[in-house]
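What follows is a short report on a single structure.
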Amino acid sequence: MTILEHYRKVLNGELEQSPVESLMGLKLISVEEGEATYEMQASEQHANPQGTCNGGIIGILADMAMGIAYGSTLQNDETFTTIEMKVNFFRPVWKARIKAHATLYKRGQTIGFIQCDITDENGKLIAHASSTCMTLRGDKAQGR
């Protein structure tokens, strides 16, 4: 089963989400080839010492969306790993339903680049993330 097929089944309730999705309260909203959207409810449990949503939490949300967006383009015998990720933060979040929408920007034979906008329930841009992923094949893809 491809990653796209797997996550379509997660979206339809035929398969369970991954442990990190459950732990973080992430919910897959949509998945298409080269695109994925997740959302989560940011609340006190995600707060840093200043009371705002910890940047790492926002990073996890973006990382899931970008990973699935990239993974959705792979063949059945391929997998991937993230080799770089960056997040720019624009506004703080306290309590809000936040959404990460990731799209594949460019995919080559081995390396791909994904971008992700993280917005609040009013559509205001909270952060922008980008990720570089590497496609793994053959022995390098085993067990991943």
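The values are calculated or read from the model by the stated rules, or taken from the named source; none is laboratory data. Note that the structure is a prediction, hence the values are computed from the model and not measured. Backbone-built Cβ (ideal geometry, glycine too); neighbour counts: all protein chains shown. Quick note on the areas: whole protein, heavy atoms, side chains included, nothing else; ligands and nucleic acids left out. Shrake-Rupley method; radii C 1.70, N 1.55, O 1.52, S 1.80 Å.
On the basis of being in contact (Cβ under 8 Å) with a residue 24 or more places away in the chain, under 20 Å from V20 (Cα atoms) and crowded, with 21+ Cβ neighbours inside 10 Å, does I58 make the cut?
yes
Just a yes or no: is a residue in region 61-70 touching a Leu at 6+ places or on another chain (Cβ under 8 Å), open to solvent by 40 Å² or more (accessible area, probe 1.4 Å) and over 30 Å from D139 (Cβ atoms)?
Applying the first criterion (touching a Leu at 6+ places or on another chain (Cβ under 8 Å)) to region 61-70 yields 61, 64, 68-70.
Within this subset, residues satisfying the condition of being open to solvent by 40 Å² or more (accessible area, probe 1.4 Å) are none.
Within region 61-70, not a single residue is touching a Leu at 6+ places or on another chain (Cβ under 8 Å), open to solvent by 40 Å² or more (accessible area, probe 1.4 Å) and over 30 Å from D139 (Cβ atoms).
Just to be sure I understand, how many residues within region 10-55 are open to solvent by 10 Å² or more (accessible area, probe 1.4 Å), touching a residue at least 60 places away in the same chain (Cβ under 8 Å) and aliphatic (A, V, I, L, M)?
The qualifying residues number 1.
Considering E84, E78, E121, which residue is more than 17 Å from M24 (Cβ to Cβ), surrounded by fewer than 22 Cβ atoms within 10 Å (Cβ to Cβ), of a type in the set (D, E) and touching a Cys at 6+ places or on another chain (Cβ under 9 Å)?
On inspection, the qualifying residue turns out to be E84.
So T135 passes all but one of these: (1) at pLDDT 95 or above; (2) surrounded by fewer than 15 Cβ atoms within 10 Å (Cβ to Cβ); (3) touching an Asp or Glu at 6+ places or on another chain (Cβ under 9 Å). Which condition number does it fail?
Here T135 clears every test but (2).
Look at M40 and say whether it is closer than 18 Å to F89 by Cα and among the aliphatic types (A, V, I, L, M).
When the stated conditions are applied, M40 passes them.
Given region 6-113, what strands (runs of 3 or more DSSP E) lie entirely inside it while holding 3 or more residues that are over 18 Å from L125 (Cβ atoms) and not charged (D, E, K, R)? Walk me through how you get there before you give the answer.
Working: elements: 27-32, 35-42, 79-89, 96-107.
Strands (runs of 3 or more DSSP E) meeting the threshold: 27-32, 79-89.
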